[in-house]
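Only the coordinates and a few stated rules stand behind these numbers; no lab work does. Keep in mind that what you see is a predicted model, and the values were worked out from it rather than measured. Methodologically, a virtual Cβ is constructed for each residue, glycine included, from the backbone with ideal geometry; neighbour enumeration extends over all protein chains shown.
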Amino acid sequence: MSKTTIKHHQADSDKLVIEWEDGHTSTYHYMWLRDNAPENRHSNGQKLIDTLSIPLDLTAKSVNVNGTVKIEWANDGHVTDYTPEWLRANSYELSESEARRNTQHTWDLTDFPETPPKYKFSELTSNDSTLRNMLASVRDNGFALMQGIPVKSESLFKVIDLFGYVRDTNYGPLFDVKVVTNPSNLAFTSATLGGHTDNPYRHPVPTLQLLHVLSNNVEGGDSTLVDGFKVAEVFRKEAPEQFEIIASTLVTFRFSSDDADLQHESTIIQTNVRGDITGIRFNNRSMQTFYVAPEKMKAFYEAYHTFAHMLEEDRFKLKFKLGAGDAMLFDNQRVLHGRIGYASSGDRHLQGCYADIDSLLSKLRVLERVMSDE
Ligand code: OGA
Ligand code: ZN
């Protein structure tokens, strides 16, 4: 029962309906067929035809099925050839396209009974399959840990060179995380930082963050990571009405200094039209006053409390202590990071950088493509 053998076809005035040998039926509108004809697509993915040049009432003069599907177009007599493999792979009924979607696996503490593996920097720079595994961990888990990164300033640039570009911000291309006098940010003290995402006041938000440890000789100072998508999923299941409030109420984030006034209005949990959780902006420190209909304010704070408490629950939280030469790289729209407070007398110095995840995912796809050919 081949998935790509055509059992029967029917050419209507506006569409072609194909019944496959495995019993599935697919519908292909002529407009879509002409617009997406593989002959008009460059190998780089770019379409070389203008959709507006195709008449909306396009119809077929003839349809011949003989190994391939040949359509002679009524408007200009051009003939386009489609392979059954291409047609089946691109059929667009919901059930088929849903099955092709990558559904993301989310994690909690039970997925990591031990500290997650740390990728060695020397292997990342010399071995593409190690690099692929590390980047795949960022895609699949939202983070990766590394070790053996030279313990000197700006080493993070070498890590970012492996997959993309530094995302410069008002903090500079690289920022130091250590205790300073007159701190502008709680990060530059020795206080505990609950799970948060960075720079929610930026749009676009930096989609990746890196933190590299130069020293961490203090009592405390452990790092924490939480899969915000997992917590949001559980929140949706356990408190659906409160989830709805957090996913639909716009709040304002801001950072203001002498030379910056960054502001962005967003929901704390972002979803797409399909209801998928696509992003988290959670940073209590940068939330401003915001507007909610008075009769809804109480419910907003109740929902915020529930979600914020869940984000701090032990069942979701990975805790580990990074030492000199270690780093973590994480998806700043998915994974919340934090730290345990430490005795300010000790010596702790981290450097941080932002980068963007599109380059990382692109590099990963290229590595996967090359490796699947081997
Ligand atoms: C930060 C931060 C965590 C740490 O600088 O954004 O969250 O471990 N730091 O100091
Ligand atoms: Zn942070």
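Things worth noting here:
- For the range 1-78 and the range 187-263, distance of Cα centres in Å: 47 Å
- Cα gyration tensor shape of the range 260-374, rounded if a/c is under 1.5, else prolate or oblate by comparing a/b with b/c: oblate
- For the residue pairs Lys3/Lys61; Lys178/Lys363; Lys7/Lys47; Lys319/Lys363; Lys152/Lys178, the alpha carbons lie more than 23 Å apart in Lys3/Lys61; Lys178/Lys363; Lys7/Lys47; Lys319/Lys363.
- Over the chain, Cα pairs under 8 Å with separation of 6+ residues give a relative contact order of 22 percent.
- Helical content of the chain, expressed as a calculated mean residue ellipticity at 222 nm, amounts to -8000 deg cm²/dmol (DSSP H runs of 4 or more residues, -39,500 (n - 2.57) each, divided by residue number, nearest 500).
- Computed extension gain for Ser95 through His24, at 0.36 nm per residue and net of the alpha carbon distance, reaches 24.5 nm.
- Stokes-Einstein D for the range 18-115, Kirkwood Rh over Cα pairs, 25 °C, 0.890 mPa s (µm²/s): 152 µm²/s
- Amide H contacts under 5 Å for Lys321: Ser223, restricted to partners 5 or more places along the chain or on a different chain, H placed in the peptide plane at 1.01 Å from N.
- Computed over the range 6-89, relative contact order equals 20 percent, with contacts defined as Cα pairs under 8 Å that lie 6+ residues apart.
- Amide H to amide H, with H built 1.01 Å from N, Ala60 comes under 5 Å of Ala74, counting only residues 5 or more places away or on other chains.
- Neighbour counts of other Cβ atoms within 10 Å put Asp373, Asp50, Asp111 in the fewest-to-most order Asp373, Asp50, Asp111.
- Cα centroid of the range 313-348 to Cα centroid of the range 79-142, whole Å: 25 Å
- When restricted to Cα atoms, the chain yields an Rg and a Dmax of 25.7, 82 Å, respectively.
- Peptides 256-265, 33-42, 362-371 ordered by average Cβ neighbours within 10 Å, highest first: 33-42, 362-371, 256-265
- Per-residue Karplus couplings for the range 19-27, computed as 6.51 cos²θ - 1.76 cosθ + 1.60 with θ equal to phi - 60°, are listed in order as 9, 8, 4, 7, x, 7, 10, 10, 10 Hz, Gly and Pro entered as x.
- Extension gain, Thr289 back to Lys61 (0.36 nm per residue minus Cα-Cα distance, nm): 75.8 nm
- FRET efficiency, 1/(1 + (r/R0)^6) with R0 35 Å, evaluated for Asp261 and Ala299 via beta carbons: 0.70
- Length gained when the stretch Thr192-Asn127 is fully extended (0.36 nm per residue, less Cα-Cα span): 19.7 nm
- In sequence order, calculated HN-Hα J values of the range 314-322 (Karplus, 6.51, -1.76, 1.60; Hz; x Gly/Pro): 4, 4, 9, 9, 8, 10, 7, 10, 8
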